[in-house]
Amino acid sequence: MCGGCLMANWIRFLTFFLCVALTVVLGIASIWEGWLLLPVLVFAGLSALGIRDVLQKKHSILRNYPVIGHLRFILEDIRPEIRQYFVESDEDEVPFSREARAIVYQRAKNVEDKRPFGTKQRVNGAGYQWLTHSVVPKKIENKDFRVHIGGPDCTQPYDASVYNISAMSFGALSANAISALNQGAKMGGFAHDTGEGGISRYHREGGGDLIFEIGTGYFGVRDEHGNFDPDKFAVVAASAQVKMIEIKLSQGAKPGQGGMLPASKISPEIAEARGVPMDKDCISPASHSAFGTPLEMMAFIKQLRDLSGGKPVGFKLCIGHRREFMCMVRAMLETGITPDFIVIDGKEGGTGAAPLEFANHMGMPLVEGLTFAHNTLRGVNLRDRIAIGASGKLIHAFDIARALALGADWVNSARGFMFAVGCIQAQACHTNHCPTGVATQDPRRQRALVVPDKAQRVANFHKNTMKALGDMAGAAGLDHPSSFQPHHLMMREKERNMVTGEEVYPYMPEGFLLREDDDRFGYLQRWRRAASASFAPFDQGV
Ligand SMILES: Cc1cc2nc3c(=O)[nH]c(=O)nc-3n(C[C@H](O)[C@H](O)[C@H](O)COP(=O)(O)O)c2cc1C
């Protein structure tokens, strides 16, 4: 452990230690100076509070910052403009507002999540969005909403929940966070995406359904040169816990960027899960070595499906050059090989660490990426064979309903579930000093995250979010959230004019790309320039 970590670790306990030391010193001194008894009582009280903080299981921040951690809760309750000096920058500088996170915390704790006095949203402003309700609402009893994933070539289809834990690798997250997420998924009957860091013992111990993600590092299924190893893959994919296989092409927060886990952060468990040595930096290249063209990519999908005994195989990407996605679709048509699912990640997605320019300005936002992929598959009559997942800041029932209305079959969330396991958005994921033990490999810090307590919160968050989603679908007069359509979504484009999702994000007609008879939104010109044999453009366009 580096000098900085050691210091950072002890500083966390400094206030507590000081209280104990002062209690002892002043206690002795009070034998001679009776008036010191009052401060002795105060510090003894604070010391007792500190002991309680270290031993209690509910609040990670107090386990990691005994006594001083209470300041956070006090500041939470007083006005934000004071709070920001002590805790975090103001609302505009954090991905999720305090209100947005508060709902997640309440649903995770199974406490009342209703709001009094009406909305705080600027309903008269441009950009405001809402869903239309019905005068004949429905009461949906069973809120365990599922989607069937598996195309014609898949022999082991999976009935997934419409809300699952998005990819976050063991390494980006702590062992305790992975355990809590996976045990929560097991309790709630939903899936947990491994992220590109391989399947760890903490995933296995939890027993929850896994979506095994394969990134450019082929962690857990690689040979000594870092290339894909089919034999190792067949063994890993045969596990009953593995329900689906996901090839990671990119994630919204850092599209086209590989990753690197410094050797100093590689613990024996991470090395075991990834199949990498501990004495070298662990590199994820920017692109795959197992395929280089759309046709090769389809062959790789077929290989994985065969090696996994027919489990659903798909890929995840943030839409970049739209023509490249169309190249993949052309290869699907020419080979007859189709993925069972595609996950569209929005540029607004999260990550453990990404360069600012990438985090801010590379990759397509979710709504546009999702609509584009959905319509391209409709354009070639492949939409029914391929399920679409969506991710990118989808933590409330409205976010999920909107994604389903715009073409998704299910939704994944990463940071929503991070909040459920205690993340306070300290944005210290890249420092190894996460204050709540969620995104750190420091065993002392992750001690703060008590797995059984947080696993229950993960399951609660999922259950209560599905309940809210069911209530919204019922209010709209629907039997299931997957019946949300673009016309259910309304938005105020400018101060005065109101438009429907159907006008802005319409479903394009089935087969329009094959017939080449509808050139709205520029699909056709890109389709004509897409090729199955190469991702490279055969002219200057993208
Ligand atoms: C800490 C962290 C680690 C992540 N690791 C991965 C990963 O290994 N593979 C991947 O495809 N996406 C990864 N992501 C992206 C998420 O899976 C997800 O696509 C994105 O964050 C959008 O979801 P969200 O807005 O609900 O967080 C990670 C995100 C976070 C916050």
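Filter the range 432-459 down to residues that are surrounded by fewer than 24 Cβ atoms within 10 Å (Cβ to Cβ) and within 13 Å of the ligand (Cβ to nearest atom), then give me how many there are. Qualifying residue count, the range 432-459: 2.
Once the range 405-431 is narrowed to residues that are near the ligand (Cβ under 9 Å from one of its atoms) and of a type in the set (S, T, N, Q), the residue that is surrounded by the fewest Cβ atoms within 10 Å (Cβ to Cβ) is S413.
When we screen A468, A459, A448, A401 for residues that are small (G, A, S) and either at pLDDT below 95 or in contact with a Ser or Thr (Cβ under 9 Å, 6 or more places away or on another chain) (or both), the only hit is A448. Scoring N360 on the criteria (1) open to solvent by 20 Å² or more (accessible area, probe 1.4 Å); (2) part of a helix (DSSP H, G or I); (3) touching a residue at least 40 places away in the same chain (Cβ under 8 Å) leaves a single failure, condition (3).
Taking I178 as the residue in question, decide whether it is within 12 Å of the ligand (Cβ to nearest atom), farther than 16 Å from F417 by Cα and crowded, with 23+ Cβ neighbours inside 10 Å.
no
Here K311 meets the list (1) closer than 19 Å to I214 by Cα; (2) within 16 Å of the ligand (Cβ to nearest atom); (3) of a type in the set (K, R) almost entirely, failing just condition (2). Scanning the range 356-404 for residues that are within 22 Å of A530 (Cα to Cα) and of a type in the set (K, R) gives R378, R383, R385. A count restricted to the range 420-443 and to residues that are of a type in the set (A, V, I, L, M) and touching a Lys or Arg at 6+ places or on another chain (Cβ under 8 Å) stands at 3. Each residue in the range 181-198 was checked for being open to solvent by 20 Å² or more (accessible area, probe 1.4 Å) and at negative phi, and 5 pass.
Here A401, A397 are screened, and the one residue that is more than 29 Å from G437 (Cα to Cα), touching a residue at least 60 places away in the same chain (Cβ under 8 Å), in the same structural domain as N182 (by TED's automatic domain parsing) and more than 9 Å from the ligand (Cβ to nearest atom) is A401.
Among the residues making up the range 334-386, those that are within 11 Å of the ligand (Cβ to nearest atom) and either touching a helix residue (DSSP H, G or I) at 6+ places or on another chain (Cβ under 6 Å) or of a type in the set (D, E) (or both) are I344, D345, G346, E348, G350, G352, A353.
Would you check if there is a residue in the range 338-345 being polar (S, T, N, Q), at pLDDT 95 or above and closer than 20 Å to R526 by Cα? Looking through the range 338-345, none of the residues is polar (S, T, N, Q), at pLDDT 95 or above and closer than 20 Å to R526 by Cα.
Among the residues of the range 504-520, those that are free of Cβ contacts under 8 Å to residues at least 60 places away in the same chain and loosely packed, with under 14 Cβ neighbours inside 10 Å comprise R515, E516, D517, D519, R520. Which of the residues belonging to the range 291-304 are open to solvent by 10 Å² or more (accessible area, probe 1.4 Å) and closer than 27 Å to D159 by Cα? Result: A299, K302, Q303. The one condition from (1) open to solvent by 10 Å² or more (accessible area, probe 1.4 Å); (2) of a type in the set (D, E, K, R); (3) over 30 Å from C429 (Cα atoms) that R323 does not meet is (1). I need the full set of residues from the range 31-72 which are over 19 Å from I11 (Cα atoms), free of Cβ contacts under 8 Å to residues at least 12 places away in the same chain and part of a helix (DSSP H, G or I), in order please. If the condition is that a residue be over 19 Å from I11 (Cα atoms), free of Cβ contacts under 8 Å to residues at least 12 places away in the same chain and part of a helix (DSSP H, G or I), then G34, W35, L36, L37, L38, L41, V42, G45 are the ones that fit.
A quick yes/no check of all residues on (1) among the hydrophobic types (A, V, I, L, M, F, W, C); (2) part of a strand (DSSP E or B); (3) free of Cβ contacts under 8 Å to residues at least 40 places away in the same chain:
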site	(1), (2), (3)
P116	no, no, yes
R122	no, no, yes
S134	no, no, no
D159	no, yes, yes
I199	yes, no, no
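All of (1) basic (K, R); (2) touching a Lys or Arg at 6+ places or on another chain (Cβ under 9 Å); (3) open to solvent by 30 Å² or more (accessible area, probe 1.4 Å) hold for K248 with one exception: (3). Among the residues that make up the range 221-233, is at least one of them under 20 Å from Y158 (Cβ atoms) and in the same structural domain as A160 (by TED's automatic domain parsing)? So far as the range 221-233 goes, yes, one or more of its residues are under 20 Å from Y158 (Cβ atoms) and in the same structural domain as A160 (by TED's automatic domain parsing). Within the range 147-201, the set of residues being closer than 20 Å to S239 by Cβ, under 14 Å from the mean Cα position of the chain (by Cα) and small (G, A, S) comprises A167, S169, A185, A191, G195. Looking at (1) open to solvent by less than 70 Å² (accessible area, probe 1.4 Å); (2) modelled with pLDDT of 80 or more, find the lone condition where E88 falls short. Looking at each condition in turn, E88 falls short on (2).
Each residue in the range 326-354 was checked for being of a type in the set (A, V, I, L, M, F, W, C), under 17 Å from P152 (Cβ atoms) and open to solvent by 10 Å² or more (accessible area, probe 1.4 Å), and 2 of them qualify.
From the list T293, T216, exactly one residue is within 28 Å of D409 (Cα to Cα) and within 16 Å of the ligand (Cβ to nearest atom). Which is it? Outline the logic, then answer.
Working: T293 fails: within 16 Å of the ligand (Cβ to nearest atom).
Within the list T293, T216, the selection yields T216.
Which pairs have Cβ atoms under 6 Å, sit 6 or more apart or on different chains, and link a residue in the range 411-431 that is more than 16 Å from A448 (Cα to Cα) to one that is among the polar types (S, T, N, Q)? These pairs meet every condition: N412/N164; N412/S166; N412/S391; S413/S166; A414/S166.
The values are calculated or read from the model by the stated rules, or taken from the named source; none is laboratory data. Being a predicted model, the structure only gives us computed values, none of them experimental. Reconstructed Cβ throughout: ideal geometry from the backbone, glycine too, with neighbour counts over all protein chains shown. With ligands, DNA and RNA removed, areas are computed over all heavy atoms of the protein, side chains included. Shrake-Rupley method; radii C 1.70, N 1.55, O 1.52, S 1.80 Å.
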